[in-house]
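*Asks:* Here you go, one structure.
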Amino acid sequence: MHISYLDNAATTPVDERVLKIMLPYFSDKYGNPGSMHQKGLEAKEAVDEARKTIAKLISAEPNEIIFVSGGTESDNLAIIGTAMALKEKGNHIITTNIEHHAVFDTCEYLEEQGFKVTYVGVKENGIIDPKDIEKTITPKTILISIMHANNEIGTIQPIAEISKIAKSKDIIMHTDACQSAGYLDIDVNKLGVDLMTLNGSKIYGPKGIGILYAKKGTILQPLIYGGGQEKGVRSGTENVPLIVGFAKALEIAHSVRDKESKRLIKLRDKLVAGLKKKISNIHINGDLEKRLPNNVNISFLGVEGESMLLHLDSKGICASTGSACSSHSLEPSHVIKALGLTDEASHGSLRFTLGRHTTEEDIEKVLKELPKIVESLRKISPIA
Amino acid sequence: MKKTKQKWFYSEQVKEHFFNPKNIFKSQEEAKKYKADGIGMVGNPKCGDMMKMWIKVDKKTQTIKECRYQTFGCASAIATTSVLSEMVNGMKLDKAFRISPKEIVDKLGGLPQIKFHCSVLGDKALRAAINDYYRKTDQIEKIVTDSPVVDETLKITENDIENAVIEGARTLKDVQARTKVGVNNKKILPKIEGLIEKFKEKHGFK
């Protein structure tokens, strides 16, 4: 069966060009970049080259790129690293109520450590009002962390505007751009951020690699100690093949960005319009304009997400849900709830995230199968 | 093309009951018109699980003739009610009343720990339907008042928490994974934690 993989916000397949460029670095060019001999230098050169490529793509300097193990570590380093480094200056952090758990749970950890965190709520459309951020700033505020685009509902936050506010008050600004890297401009100067998180596995690169962009002069307390790699901020032998792969993936993402965005917006809108027409009692979650080109998130009232997801899977369609039933915590998605919707709407939400391999046929397949699935589940639902 | 078997998260039994649920109504209209002798409903759409059960009873033998249901919930919730509707067919009411979550889970070839609460809700819905029948037929003496209700929305009793502890739950998280108790009412959490400690002590798990 052909798999229509519509869960690209979870992860993406590695691009063949990325895979090819990585392979020699596993066994042939195996050196440790820290070694002075030729094998070491060969590896170091690859890491340096990758760093330069990435820096150029986001308008940064090579020494502002810190390689880490992925988006989660990057978020942790940005938030805990800043908080610990600046704890003498202040103890207040501002974030939103729709952040990824890598930010959310990290902030909760800091609260346990005595920091104060304000979780600013988004509006009904899933977007933060910069004025609401400004209002919560205190003389003790040291960090603002707000995602560039949301992983569940795809809404795009006004990062540049918030960065300006942060800058005027001398507050460090961090953004998690894992989801937006393939679709939006992630030029750090235009965004005006001090810290930015990127991840390989969302941009057709390998899993287990990410970066933290840290603007020159930004002080971070390390989370990992050891050999002093990455200017001492992130010790551990550089993961050379994954670093090389990440740079290539970002390069490709950058080169196809505009064309892909245009193509996916068409497919996305076709999917939304089709579902609206064919299925009653549905709710589109998140702003339709300020939204990633590849994200569709819809609640189907009266049915539960996991059931829809598994029926879709049996038809060869991979999607995702905000229902508690598919989470480890038994709590429904905090993002859908943040939009002011009922728990029922969270439980009945489905996310389709399109990608580079998504075709018109994939969309048509969803439009053909999902209405039947919703109908059959509503037939046996006591609340439909 | 190489043919590989499609992977599936749950057991084969859950798969069968989820994709081909037994004893369901053909439509919402049929459900509305259905003349049942007893109806029970548990859960709450807020929690992501809601189950409604209808039973028809042979009055002479006090046996379940027919069991129908509607379920809002995940695959294991649907499979739980489906397999239960088959299990109780032709069963004496008093025996059906005593069906335990574990019996249901075993019939399904096991459920992941975090999905245990689905089976707990299943047998609860059935008991509610049987109690409803007893009430309607003036057999009040047969209504078994479980034990004190701890969670009003989910109708989870002290007994349920005790059962969870007996089955291996040791912390609030464990008990919630099995019953969902207090997921929507944080105020009662201290009380639940107290009960967990009490039952751990009672059963020598301390």
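The values are calculated or read from the model by the stated rules, or taken from the named source; none is laboratory data. What you see is a predicted model; the values in this text were computed from it and never measured. Methodologically, a virtual Cβ is constructed for each residue, glycine included, from the backbone with ideal geometry; neighbour enumeration extends over all protein chains shown. In case anyone asks, the SASA skips ligands and DNA or RNA and just uses the protein heavy atoms, side chains included. Shrake-Rupley method; radii C 1.70, N 1.55, O 1.52, S 1.80 Å.
*Asks:* Give the accessible area for residue B:137 in Å² (nearest 10); use a 1.4 Å probe, count only protein heavy atoms, and leave out ligands, DNA and RNA.
*Replies:* Roughly 50 Å² of residue B:137 is accessible to a 1.4 Å probe.
*Asks:* Seen from all sides and averaged, what is the projected area of the convex hull of the Cα atoms in the range A:242-293, in nm²?
*Replies:* Working: hull surface 20.0 nm².
It is 5.0 nm².
*Asks:* What ranking, highest mean first, results for peptides A:67-80, A:310-323 when packing means the other Cβ atoms within 10 Å averaged over each residue?
*Replies:* On the way: A:67-80: 25.3, A:310-323: 20.9.
Answer by packing, highest mean first, reads A:67-80, A:310-323.
*Asks:* So which of A:278/B:180; B:22/B:115; B:46/B:187 end up more than 25 Å apart by C-alpha?
*Replies:* A:278/B:180
*Asks:* Over all residues in B:62-75, what is the mean tally of Cβ atoms on other chains that come within 10 Å of each residue's Cβ? Intermediate results must be reported in sequence, preceding the final value.
*Replies:* Details: counts 0, 0, 0, 0, 0, 0, 1, 2, 7, 6, 14, 10, 13, 8.
Shielding by partners across B:62-75 averages 4.
*Asks:* With 25 Å as the cut-off, how large is the P(r) tail for the range A:226-371, expressed as percent of Cα-Cα pairs?
*Replies:* When all Cα pairs of the range A:226-371 are counted, 42 percent exceed 25 Å.
*Asks:* Looking only at chain A, where both bridge partners belong to it, what percent of the DSSP beta bridges are antiparallel (to the nearest 5)?
*Replies:* Details: 21 of 39 bridges.
Close to 55 percent.
*Asks:* Sort A:291, B:135, A:378 from largest to smallest accessible area, using a 1.4 Å probe on the heavy atoms of the protein chains.
*Replies:* Details: A:291 10, B:135 125, A:378 35 Å².
The ranking, largest first, comes out as B:135, A:378, A:291.
*Asks:* Once the other residues with Cβ under 12 Å from the Cβ of residue A:64 are scored (Lys, Arg +1; Asp, Glu -1), what is the net sum? Can you show the working numbers first?
*Replies:* On the way: positive: A:51, A:52, A:56, A:215, A:216, A:231; negative: A:61, A:194, A:230.
Counting the neighbours of residue A:64, the net charge comes to +3.
*Asks:* State the cysteines of the protein assembly as shown left without a partner when partners are defined as other cysteines whose beta carbon lies under 4.7 Å away.
*Replies:* When partners are defined as cysteine Cβ atoms under 4.7 Å apart, the protein assembly as shown leaves A:107, A:178, A:318, B:47, B:67, B:118 without one.
*Asks:* Turning to a different aspect of this structure: Starting from the Kirkwood radius over alpha-carbon pairs of chain B, derive D by Stokes-Einstein at 20 °C in a medium of 1.002 mPa s and give it in µm² s⁻¹.
*Replies:* Diffusion coefficient, whole number: 121 µm²/s.
*Asks:* Kindly report the accessible area of the range B:29-177 per residue (heavy atoms of protein chains, probe 1.4 Å, no ligands, DNA or RNA), in Å². Mind dumping the intermediate values first?
*Replies:* Working: 6150 Å² over 149 residues.
On a per-residue basis, the range B:29-177 sits at 41 Å².
*Asks:* Let me ask something additional. Heavy atoms only, probe 1.4 Å: what % of the accessible area of the range A:150-237 goes to carbon and sulfur, would you let me know? Before the final figure, lay out each step's value.
*Replies:* On the way: 1660 of 3200 Å².
Here carbon and sulfur together make up 52 percent of the probe-accessible area.
*Asks:* Here's a follow-up. Can you give the average number of partner chain beta-carbon atoms within 10 Å of each beta-carbon in peptide A:299-311, as a whole number? Write down the numbers at each step before the final one.
*Replies:* Values: counts 0, 0, 1, 2, 2, 11, 2, 9, 9, 1, 3, 10, 3.
The per-residue average across the peptide is 4.
*Asks:* Of the options A:273, A:349, A:319, report the single residue whose Cα projects farthest towards the positive end of the charge dipole of the range A:271-351 (beta-carbon charges: Lys, Arg +1; Asp, Glu -1).
*Replies:* The residue sitting farthest along the positive end of the dipole is A:273.
*Asks:* Evaluate the Debye formula for the range A:210-312 with equal point scatterers sitting on the alpha carbons, no solvent, and hand back log10 of I(q)/I(0) at q = 0.17, 0.19, 0.20 Å⁻¹, in q order, two decimals.
*Replies:* -0.91, -0.98, -1.03
*Asks:* Let me have the relative contact order for chain B, percent, based on Cα pairs under 8 Å that are six or more residues apart.
*Replies:* Numbers: 325 pairs, mean separation 39.6, N = 206.
For chain B, the relative contact order is 19 percent.
*Asks:* What are the principal axis extents of the Cα atoms in the range B:68-112, in Å, biggest first?
*Replies:* Taking the Cα atoms of the range B:68-112, the three principal extents are 29, 21, 12 Å.
*Asks:* Follow-up. List every DSSP H helix in chain A whose Cα atoms extend 15 Å or more along the helix's own long axis and whose mean Kyte-Doolittle hydropathy is at least -0.5. Mind showing how you got there, number by number?
*Replies:* Values: long enough: A:38-57 (29 Å, -0.76); A:71-85 (20 Å, 0.44); A:101-112 (16 Å, -0.34); A:240-278 (49 Å, -0.07); A:360-379 (29 Å, -0.74).
Sorted by number, the helices that extend far enough and score high enough are A:71-85, A:101-112, A:240-278.
*Asks:* In addition: Using +1 at the Cβ of each Lys and Arg and -1 at the Cβ of each Asp and Glu in the protein assembly as shown, identify which of A:208, A:30, A:11 lies farthest towards the dipole's positive end.
*Replies:* In the protein assembly as shown, that residue is A:11.
*Asks:* Now, a different point. Can you work out ³J(HN,Hα) from phi for every residue in the range B:194-204, in order, using Karplus 6.51 cos²θ - 1.76 cosθ + 1.60 and θ = phi - 60°, giving whole Hz and x for Gly and Pro?
*Replies:* x, 5, 4, 4, 4, 6, 4, 5, 4, 9, x
*Asks:* Take every Cα-Cα distance within the range A:16-252, group them into 5 Å bins from 0 onward, and report for each bin the whole-number percent of pairs it holds.
*Replies:* 1, 7, 15, 19, 19, 15, 11, 7, 4, 2, 0, 0
*Asks:* Return the Rg/Rh ratio of the range A:136-207 with Cα-based radii and a Kirkwood Rh.
*Replies:* We get a ratio of 1.01 for the range A:136-207.
*Asks:* Which parts of the range A:364-384, residue by residue, lose 30 Å² or more of accessible area when the rest of the protein chains are there, as against the chain isolated (1.4 Å probe)?
*Replies:* With the partner chains in place, the range A:364-384 has these residues losing at least 30 Å²: A:379, A:380, A:382, A:383.
*Asks:* Now a separate question. Percent of alpha carbon pairs in the protein assembly as shown separated by more than 39 Å? Don't skip to the end; give the middle numbers.
*Replies:* Working: 66851 of 173755 pairs.
That tail contains 38 percent of the Cα-Cα pairs.
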